[in-house]
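The values are calculated or read from the model by the stated rules, or taken from the named source; none is laboratory data. Model, not experiment: these values are computed from the prediction. Reconstructed Cβ throughout: ideal geometry from the backbone, glycine too, with neighbour counts over all protein chains shown.
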Amino acid sequence: MKIAVCLKRTPDSESRFRIAGSGSAIDETGLKFDIDDFASYAVEVALQINEKQAPGETVAFAVGPDAVQETLRKAMSMGVDRAVQLKTDAPTYDGLAIAKALAAELKAGGFDLVFFGKHAFDTSGGIVGTATAELLGVACVTSASKLEIASGKGTARRELEGVAEIVEFSLPAVVTIDEGIARPRYPSLKGIMAAKKKPLETKPAQLGQPRVTVKGMSLPPDRPPGRIVGEGVAAVPELVRLLRSEAKVL
Amino acid sequence: MPNILVFAETRGGALRKVAFETVSAARALVDANGGGQVHALCAVPSGGAGLAEQLGKHGADVVLTAENPGFANYAREAVAATVAARAKSGGYRAVLVSFSAQGRDLAPRLAAKLDAPVAADVTEIRIAGDSVVVKHPVYANKVIATLQLDGPLVVLSTRPGAFPVTETPRTATVESLAPASDPSAEKVVVKEMQEGGKGKIDLGEAPVIVAGGRGLKAPENFKLVEDLAAAFGNAAVGATRAVTDEGWRPHSDQIGQTGRQVSPQLYVAVGISGAIQHLAGMRSSKTIVAINKDKEAPIFKVADYGIVGDVLEVVPALTQAVREAKASG
């Protein structure tokens with residue numbers, strides 16, 4: 001299978017975030033960046049499919065400034081064959097513009113499957129994958145937590161709100177990957193060495209004039225400090241009283 | 001101001017709470033900008049006209065019903081085509097959907113079909129001249145981004161729970177709409193729906209959530225969480241990632257950064273220490289109660305009310321007390 005995996009580079013989700021001096025971005029000083037978790041599941045799923053159904057090719061794509069090259073190398077160290085950077089000056093919040101750049105690049109690529117994470121930790125919008133599928137005019141399955149590909153068809157499981165949906169679709173298709181589907185492998189030393197020699201192509205991304213721009217970023221107001229009502233079973237009556245008379249939720 | 005088109009989400013032909021939230025949000029937005037109409041579109045197998053009263057109650061002026069047996073489930077391609085075709089017919093400033101499972105799928109499709117700027121998971125919307133300005137929590141709710149969207153028509157998905165359901169009753173006009181593509185000829189075909197359990201309240205809809213963590217010590221002790229939820233009567237049961245990874249509860253119950261993000265009226269955290277990934281999924285709840293044996297647990301920093309103690313003793317006592325409080329009315 002020829003599989004494309006579209007990656008995003010995001011900071012470690014456990015980081016403490018500060019706002020940059022510009023007021024419209026986070027301060028990246030000291031933050032550790034990596035392949036976004038969901039995209040790393042997508043890489044793993046792609047590699048597993050191509051290991052089972054050889055011969056195949058797995059190609060990683062990322063839209064962004066040169067910092068994404070490190071992310072693409074990481075994917076190649078996991079086993080991705082080659083990578084393409086669609087270069088921009090800075091990250092953008094215009095998800096449709098990113099989808100257009102990716103779709104223009106993927107269109108002639110002859111991919112059977114295009115994978116994305118179901119969303120990325122930073123914006124959690126989940127726009128780019130589905131919009132790319134629409135622009136390519138192919139089937140799109142979002143949030144797949146199980147995936148099987150056999151004889152030109154795919155079957156996926158999607159965990160929805162209290163319901164699981166099993167869907168069937170024909171290839172080519174875009175699938176966005178949920179967690180729980182596969183545990184991403186760690187790059188081996190051999191993989192890291194090999195990745196240095198794998199091709200990483202850089203092309204300008206055609207983003208056009210962005211129509212979604214960041215006007216500002218701020219930290220959310222803290223919750224008022226919590227209070228301990230008491231200890232053990234003895235505190236239950238007071239808790240119930242507060243839930244009734246103060247919080248009015250009982 | 002011009003009109004707003006809302007996708008009024010249904011499941012099994014019935015409107016979901018998020019439909020009322022998006023209709024209410026659209027009503028508030030047009031009213032704050034000199035008035036305009038709210039058009040609510042539902043894609044249902046049949047009986048669309050019967051939804052008009054409920055949608056009118058929350059501020060819809062026009063209810064557009066697309067009926068086809070293929071809309072028994074969310075038919076992604078036909079719904080997107082139908083909403084986009086209507087949006088293209090003109091006169092709309094924005095298309096609003098919920099940032100629910102359906103809306104997450106729908107909003108980017110609409111943006112691509114309409115070539116319209118899109119923002120997801122928004123918690124505030126205002127019109128500023130020729131732009132639409134929204135707030136969108138990012139980095140697992142640790143940062144709030146203010147985004148400006150420039151275009152005559154924009155697509156927005158609203159965060160469930162962020163917009164209050166309001167009543168601004170009116171008699172909605174019903175207009176029937178032909179599906180813009182055949183919902184039974186989709187590229188993606190739903191083969192099966194597995195219900196999470198009959199009568200179960202979804203985490204996104206429940207006014208009360210009782211969630212359990214590793215402090216419960218063993219899967220069988222989740223019964224205590226279920227009992228407490230049952231005592232409230234209107235509660236759903238959630239879990240931490242540690243618990244779903246252990247297989248004590250299904251993954252669909254997971255609340256947190258990589259699971260569901262919820263904001264109920266009341267969130268009761270049972271034996272949950274409050275890892276940052278968990279807090280990311282529930283810290284916007286209105287009232288938070290925490291029961292945990294470790295008084296240093298981070299959950300107590302966000303909990304409005306905390307009890308330090310053994311959950312195996314405190315929770316049954318609380319269940320009994322809630323039952324009594326409910327019984328006394």
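Couple of notes before you dig in:
- Only residues that are at the interface with chain B (Cβ under 8 Å from one of its Cβ atoms), within 30 Å of residue B:327 (Cβ to Cβ) and not hydrophobic (A, V, I, L, M, F, W, C) were counted across the range A:225-248, and they come to 7.
- Enumeration of residues in the range B:272-305 that are more than 18 Å from residue B:258 (Cβ to Cβ), among the charged types (D, E, K, R) and either at the interface with another protein chain (Cβ under 8 Å from one of its Cβ atoms) or buried (at least 20 other Cβ atoms within 10 Å of the Cβ) (or both): B:286, B:295, B:301, B:304
- Every condition in (1) of a type in the set (A, V, I, L, M); (2) modelled with pLDDT under 95; (3) touching a Leu at 6+ places or on another chain (Cβ under 7 Å) is met by residue B:140 except one, and the failing one is (3).
- Verdict on residue B:238 being within 14 Å of chain A (Cβ to nearest Cβ) and on the phi > 0 side of the Ramachandran plot: no
- Residue check for residue A:22: under 17 Å from residue A:91 (Cβ atoms), surrounded by fewer than 17 Cβ atoms within 10 Å (Cβ to Cβ) and among the hydroxyl-bearing types (Ser, Thr, Tyr): yes
- The set of residues in the range B:1-26 being of a type in the set (D, E, K, R) and in a helix (DSSP H, G or I) consists of B:17, B:21.
- Looking across the range B:164-181, the residues that are assigned to a loop (DSSP other than H, G, I, E, B) and either among the aliphatic types (A, V, I, L, M) or at pLDDT below 95 (or both) come down to B:164, B:165, B:172, B:178, B:180.
- Total residues in the range A:86-105 satisfying the condition of being closer than 15 Å to residue A:203 by Cα and crowded, with 23+ Cβ neighbours inside 10 Å: the figure is 3.
- Tally, over the range A:196-224, of residues that are facing chain B (nearest Cβ under 7 Å) and over 30 Å from residue A:99 (Cα atoms): 1
- Candidate set: the range B:306-315, residues that are more than 8 Å from chain A (Cβ to nearest Cβ) and within 30 Å of the chain's Cα centre (by Cα); chosen: the one surrounded by the most Cβ atoms within 10 Å (Cβ to Cβ): B:315
- Hey, residue B:69 free of Cβ contacts under 8 Å to residues at least 60 places away in the same chain and either surrounded by 22 or more Cβ atoms within 10 Å (Cβ to Cβ) or more than 25 Å from residue A:213 (Cβ to Cβ) (or both) or not: no
- Wholly enclosed strands (runs of 3 or more DSSP E) of the range B:103-147 bearing at least 1 residues in contact (Cβ under 8 Å) with a residue 12 or more places away in the chain, over 19 Å from residue A:174 (Cβ atoms) and in contact with a helix residue (DSSP H, G or I) (Cβ under 6 Å, 6 or more places away or on another chain): B:124-128
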